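To start, the structure itself, in structure tokens.
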Amino acid sequence: SPNLCRYNLLISDFTMLYKGITASFGIAIGKAFVIEDDDICMVKRSIGREDVKKEIEKFKKAVADTKVELEKTKNEASRHLGKKYVKLFDAYLFIAEDPILEDGVVSKISKEMVGAEYALQEVIEKSTKAFEKIKDEYFRERGKDIYDVGKKILKHLTGANKKTLSNVTKNSIVFANNLTPTDTIALKGENIIGFATNIGGKTSHIAIMAQAMEIPAVVGMKDITTKVSHNDTVIIDGSEGVVIVNPEPETIENYRRLITNYIAEVKELDRYINIPTITADGKGAIIAANIEIPDEIRSVISHGAEGIGLFRTEYLFINRKEFPSEDEQLESYKTVAEKIFPNPVIIRTIDIGGDKISPHFGINVERNPFLGLRAIRFCLKHPEIFKTQLRAILRASVFGNVKMIYPMISGVDELRDANVILSEVKHELRSKSIQFDENMEVGVMIEIPSAAITVDVIAKESDFFSIGTNDLIQYTLAIDRVNEYVTHLYDPFHLSVIRLLKNIIDAGHKAGKWVSMCGEMAGDPSCTEILLGLGLRHFSVASTSVPRVKREIIKTNLSEAKKVVDEIFNGDGRDLKGRKVGSKVMRGFIPD
Ligand code: PEP
Ligand code: MG
């Protein structure tokens, strides 16, 4: 039965099985690469006068090695993700070369006659502390950079540097407490075949990045890094959210077979790439893809998506020391628009905040970031940043089929405020005779309950909608989307969610506007029938989910799907739970 967790059938020793949250599909068998907690703690080591020179040389060599390592990571980032991503590494290199750091360490070694590693630790701590006191968020964050760079030098100094992400060996499965955006960039190499983290939830951005990278991932594993040791053999099953440490040979055999089946399933799904998306009773639908970085466009096209339903531009803004300039943004948007043409791309204005924090933008650490100064709220507070992006998007609009969307709109007033700024920017461009598409459609993400409830009002001033279920569910059910302790309560089938979806889709269509869905729910095949029954025709999903969702649409009979939805609304609301448990859940590829 598809409802049986497959590991029940496959594994002979349960003591080494750990459950987390599914973040990205697929199965991998490899060696554990555990990233240690990185607190610095060096013991004070006294040295003799005759050793001073040697300790100083040791320190200088560690700095030189660190610079080599940073250059290497920088080149990799540039190769895999484009030149824009190298700035962070330039900033790190700048710190590593700073004479103040060197002078501080050298004078400590020679005056206090202590080991290089202790001297370095003291200097880092002192400057980090000094930075912590600074009120200005930007400068306070620079303190963290010094700490990061200091840590890297320290690792070279103590020889503990064998385990940085940029030198993982082949077939590694990375285990970490959390992965920062910098880590994730380093993860993009070919050696890493999966990863598991202690923290995170299904729709956290670690999970979204893993899907973009097309490798299995499990998040929210609480303390997995303490359960697995470096070089252990591990199986990661991203589709079940399971990690098995040092499995029995029999278990490995079983999973090998499963991988073969999985590959066969992916191959089978290939058949759906080039055929039209039409329901069993002949009604058309459109499946587009979500992207985070322009590089993903290759995957979008190879999986047969009909356009980009969501371009999350904030990934151009994180991992950086400065704002991307208007021209740099234009370059990214233009590239994407040209490559996907004649299909459309929906560019979303930045959604910074929540779990997508970018420290240098003067964002304060907030107690409830998901309820804080996020997305459009941030942009309206910083119109100069917003305007730069709007100019870049408008200028890109002449290079393809470009549409734009605002995230986190809570009601019509916020939409009007954003549109006032958009009009100013258009006016400015016209006065300078800079070309843009005067008819560029501008839509609204519906992802806050207040917008979902007032969507009929918003519809009068919006060209289209896209439903962001990741946030809509989070805010409707009061479930933090990145908190692993409440993930089991995150329910796309909750009656409240279904009612809101119906309200959005009906109101949008009544106003003659098209309605898309770009949250993770759109990519979950167990939701497809109900979404079709609710009237949804535009889906935007991770590119790897395109064929799977298409297969589901092709199998679905729309009139039957409508009946199912009618039953839900006429029933007592419990129906849905039954369906969810009893129907084709995501584990569709378990061999029968
Ligand atoms: C959503 O909230 O569903 C969405 C698509 O946006 P993000 O995941 O980037 O918040
Ligand atoms: Mg959202």
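Among the conditions (1) part of a loop (DSSP other than H, G, I, E, B); (2) within 16 Å of ligand 2 (Cβ to nearest atom), GLU438 misses just one, which is (2). Inside segment 252-269, residues that are open to solvent by 80 Å² or more (accessible area, probe 1.4 Å) and among the charged types (D, E, K, R) make up a count of 4. In this entry, VAL444 passes the filter for residues that are within 15 Å of ligand 1 (Cβ to nearest atom), open to solvent by less than 70 Å² (accessible area, probe 1.4 Å) and touching a Phe, Trp or Tyr at 6+ places or on another chain (Cβ under 6 Å). Checked against (1) at pLDDT 95 or above; (2) closer than 30 Å to ALA561 by Cα, ASP413 passes all but a single condition, namely (2).
For VAL486, the conditions (1) of a type in the set (A, V, I, L, M); (2) modelled with pLDDT under 95; (3) closer than 17 Å to ILE405 by Cβ are fulfilled apart from (3).
Restricting attention to segment 295-348, the residues that are free of Cβ contacts under 8 Å to residues at least 40 places away in the same chain, closer than 17 Å to ALA212 by Cβ and acidic (Asp, Glu) add up to 0.
So which residues in segment 447-464 are assigned to a loop (DSSP other than H, G, I, E, B), among the acidic types (Asp, Glu) and more than 16 Å from ligand 1 (Cβ to nearest atom)? Those that are assigned to a loop (DSSP other than H, G, I, E, B), among the acidic types (Asp, Glu) and more than 16 Å from ligand 1 (Cβ to nearest atom): GLU461, ASP463. Of all the listed residues (ARG416, ARG481), the sole one being farther than 23 Å from ILE340 by Cβ, among the basic types (Lys, Arg) and either out of contact with any Phe, Trp or Tyr (no Cβ under 8 Å at 6 or more places or on another chain) or outside any loop (DSSP other than H, G, I, E, B) (or both) is ARG416. Test ILE347 against the stated conditions and say whether it is at pLDDT 90 or above and either under 25 Å from GLY284 (Cβ atoms) or within 16 Å of ligand 1 (Cβ to nearest atom) (or both). Against the criterion (at pLDDT 90 or above and either under 25 Å from GLY284 (Cβ atoms) or within 16 Å of ligand 1 (Cβ to nearest atom) (or both)), ILE347 qualifies. Selection over segment 395-407 of residues that are touching a Phe, Trp or Tyr at 6+ places or on another chain (Cβ under 9 Å) and either assigned to a helix (DSSP H, G or I) or within 16 Å of ligand 1 (Cβ to nearest atom) (or both) gives a count of 7. Selection of helices (runs of 4 or more DSSP H) fully inside segment 500-570 by the criterion of at least 2 residues being more than 21 Å from ASP270 (Cα to Cα), touching a helix residue (DSSP H, G or I) at 6+ places or on another chain (Cβ under 8 Å) and modelled with pLDDT of 95 or more returns 525-533, 558-570.
From the list GLN474, GLN389, the lone residue that is within 16 Å of ligand 2 (Cβ to nearest atom) and either surrounded by 19 or more Cβ atoms within 10 Å (Cβ to Cβ) or assigned to a helix (DSSP H, G or I) (or both) is GLN474. Just so you know, in segment 192-205 the residues that are away from ligand 1 (no atom under 12 Å from the Cβ) and touching a strand residue (DSSP E or B) at 6+ places or on another chain (Cβ under 6 Å) include one that is modelled with the lowest pLDDT, and it is GLY200. Residues of segment 216-251 being open to solvent by less than 30 Å² (accessible area, probe 1.4 Å) and over 21 Å from ASN178 (Cα atoms), which ones? Across segment 216-251, the qualifying residues are PRO247, THR251.
Take the residues in segment 98-119 that are surrounded by fewer than 13 Cβ atoms within 10 Å (Cβ to Cβ) and modelled with pLDDT under 90; name whichever of them is farthest from LEU70 (Cα to Cα). Residue satisfying both the conditions and the ranking: ILE100.
The values are calculated or read from the model by the stated rules, or taken from the named source; none is laboratory data. Remember, it's a predicted structure, so these values are computed and weren't measured experimentally. Quick reminder, even Gly has a Cβ in these numbers, built from the backbone with ideal geometry, and neighbours come from all protein chains shown. Please note that ligands, DNA and RNA were not included when accessible areas were found on the heavy atoms of the full protein model with its side chains. Shrake-Rupley method; radii C 1.70, N 1.55, O 1.52, S 1.80 Å.
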